[in-house]
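Scroll down for the structure; my scribbles are underneath it.
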C-alpha cells in the first residue's frame, strides 16, 4: 500500500503526508470530511438552472490546500469529472468547493455507508475526526447533528475494541450531539487507521 509512516504527528494526530490511488479509499476519507464539516448541496436558480456542490469548510488554509484540494482533484481525474476545485476564503474559515458530478458520487456513497468495507470504515472515521473531532485534551470527541450517524460510528468502534464511549446531546439549542471516548481508549482510537491516511504528497 502506498505511503510509509510519517502520517501521524506526535504519534496521535494524522497529518497530510500519504496518498492513495484507490477511488473507494479516497472517497471514504473525503466523505468523512464532508459529513463532519461540509455538505452536499443542490441549488436552484431562476431560469431553471441547477447547481450541485460538494463543500468542506476549514479554519486552516494549509489543510485545505495541502490535503483536501489535491485529493478532490485526484478524485475528479479518476472519475473523469472536469470541474475546478476552488478554495473560497472567508472571514474565519475557508471553503473547498467542487461544483460537479461529484455531488452524485458522494450522495450515492452516503446511502451505502452502513455497507462500507473495513478499510472504508477506518478511513471514513479518520476523515470525520479530522473534520469534526477535538484535537486537544485527553478525551476523543466528535460532534454531529445526526445521532444515528454517531451511533453507526459507535458500532464500528466496538468492532475495533473501543467498548466504552457515550453519545449525548451537547448543544440543545443547535441540536448537536457528541460521541465521547474516554482517555484510556485514546491511543486505541488513533490506531484505527494506523499510520496512513489518504492525504497528499504534493
GNM flexibility winner over the chain from 174, 105, 187 (Cα, springs under 10 Å): 174
Which whole-number percentage describes the relative contact order of the range 8-111, with Cα contacts under 8 Å and a sequence gap of 6 or more? 26
Between the helical axis of 69-78 and the dominant principal axis of the chain, each derived from Cα atoms, what acute angle in degrees is found, rounded to the nearest 10? 70
Would you mind checking the range 122-136 for residues with the amide N under 16 Å from a putative spin-label position 7 Å along Cα→C-beta of residue 59? 129-136
Residue with peak Gaussian network fluctuation, the chain [Cα springs, cutoff 10 Å], from 142, 130, 78: 78
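Between residue 110 and residue 78, 0.36 nm times their residue separation minus their Cα-Cα distance comes to what?
9.6 nm
Is the shape of the range 85-148 rounded, prolate or oblate, going by the alpha carbon gyration tensor and its root eigenvalues a ≥ b ≥ c, with a/c under 1.5 for rounded and a/b larger than b/c for prolate?
On the way: a/c = 2.13, a/b = 1.03, b/c = 2.08.
Oblate, because a/c is 1.5 or more while a/b does not exceed b/c.
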Ranking 146, 22, 37 by Cβ neighbours within 10 Å, fewest first, what do you get? 146, 22, 37
Summing -39500 (n - 2.57) over every DSSP H run of at least 4 residues in the chain and dividing by its residue count gives a helix-only mean residue ellipticity at 222 nm, to the nearest 500 deg cm²/dmol, of -10500 deg cm²/dmol
Quickly rank 113-119, 26-32, 41-47 as a protection proxy: mean count of other C-beta atoms within 10 Å, highest first. 26-32, 113-119, 41-47
Top mean-square fluctuation among 143, 33, 156, Gaussian network model of the chain, C-alpha springs under 10 Å? 156
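Since every read-out is calculated from the coordinates, none of them should be taken as a lab result. Quick caveat, the model's predicted, so the values are computed rather than measured. Backbone-built Cβ (ideal geometry, glycine too); neighbour counts: all protein chains shown.
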